[in-house]
Amino acid sequence: MTNNIQTVVHCEEQLQALEQAKLEGPVVVWLKMDTGMHRLGVRPEQYEEFIARLHACDNVAKPLRYMSHFGCADELENPVTTKQIELFEQTTQTCQGERSIAASSGILSRPESHFEWVRPGIIMYGVSPFSDKDAQQLGYRPVMTLRSHLIAINDLKAGESVGYGANWTSERDTKIGVIALGYGDGYPRMAPNGTPVLVNGRKVPLAGRVSMDMLTVDLGPDAEDKVGDSVTMWGDSLPVEEVARYVGTIAYELVTKLTSRVIPVYTKD
């Protein structure tokens, strides 16, 4: 209570624990309501019982608060989202207490779902929650840029391969850049050949399998890049959403999988 902690109740076990707890005073409780995602939350046929028991519990600050979560709001035309909003609205419209259902995708696409509270997540990174739109299209700038640098530049002849499994073979004489970053840092091991990175402001393709500590790119035969040059894996001028599409995943996964080996540098802009 000292730190104004709020809690969520989404199941019978939590409710019983709250009813039986010996607390110094009441806590703010959000009742998590399953409106159609079927992951966490009280089912519609249980709403009335849970609301009554929470109102009767001395450990619960009044008024009770209500929340749910969208399952398909990142798909703009999906009717499931409309049904979830309607059920949540119908169930809570006569209840006193603040409500929340919209996270990043709902905030941007469903203004009717904002209610009293919204819960921004991925958009706090300046990343789009939609698979078909980059942040720039939505008017956002990325707050995370993943950078490394070239640690070697090697000449490769036509017909020669590079990396584990020799799964990329050059069709021409070229220069291969070796970048000090790999899946041990959280870069996706399954990134395919052709996945773009930025070297000196131009896109160059991944060439060869991502290693634990390194990855390799085709700089091109006329490259003038030098060892030590900075490389952008995603961020300004290379949206993380674009990289995610090459990998076959979503931007959420890329920005949350970086490991402790990546040293964060915070800047003011």
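Bear in mind that the values in this text are calculations on the coordinates, not laboratory data. Not measured: the values here are computed from a predicted model. Reconstructed Cβ throughout: ideal geometry from the backbone, glycine too, with neighbour counts over all protein chains shown.
Note on the chain: with charges restricted to the Cβ of Lys and Arg (+1) and Asp and Glu (-1), its dipole about the Cα centre is near 400 debye. The order of MET144, MET233, going from fewest to most other C-beta atoms within 10 Å of their C-beta, is MET144, MET233. By DSSP, the beta bridges lying fully in the chain are antiparallel in about 65 percent of cases. A Förster radius of 22 Å combined with the Cβ-Cβ distance from ARG53 to GLN90 puts the calculated FRET efficiency at roughly 0.60.
Under conditions of 37 °C and 0.692 mPa s, the chain yields 151 µm² s⁻¹ as its translational diffusion coefficient, taking Rh as the Kirkwood radius over Cα pairs in the Stokes-Einstein equation.
Here the range 146-256 was treated as a single set of alpha-carbon atoms; its pair distances binned every 10 Å from 0 give 15, 52, 29, 3 percent. Of the GluC sites (Glu not before Pro) found in the range 1-90, the ones in coil according to DSSP and having at most 12 other Cβ atoms within 10 Å of their Cβ are GLU24, GLU77. The P(r) of the range 6-120 has a tail past 23 Å containing 28 percent of all C-alpha pairs. Separation of the range 100-151 from the range 25-86 is 23 Å, based on Cα centroids. Angle check, please: helix 79-92 long axis (alpha carbons) against the longest principal axis of the chain (alpha carbons), in degrees 0 to 90, nearest 10. Rounded to the nearest ten degrees, it is 30. No solvent, one uniform scatterer per C-alpha: report log10 I(q)/I(0) for the range 108-178 via the Debye equation at q = 0.17, 0.25 1/Å, two decimals. Ignoring solvent entirely, the Cα scatterers give -0.77, -1.07. The order of TYR140, TYR266, going from fewest to most other C-beta atoms within 10 Å of their C-beta, is TYR266, TYR140.
For every helix of n ≥ 4 consecutive DSSP H residues, a contribution of -39,500 (n - 2.57) applies; sum these over the chain, divide by its total residues, and give [θ] at 222 nm rounded to the nearest 500 deg cm²/dmol. The helix contribution divided over the chain gives -5500 deg cm²/dmol. Once C-alpha pairs closer than 8 Å and six or more residues apart are averaged by separation and normalised to the residue number of the chain, the relative contact order reads 12 percent. For SER100, SER131, the sequence from fewest to most other C-beta atoms within 10 Å is SER131, SER100.
Once the chain from LYS157 to THR256 is taken as fully extended at 0.36 nm per residue, the excess over their C-alpha distance is 31.9 nm. Estimated from the Cβ-Cβ distance and a Förster radius of 35 angstrom, the FRET efficiency linking ASN167 and VAL118 is about 0.20.
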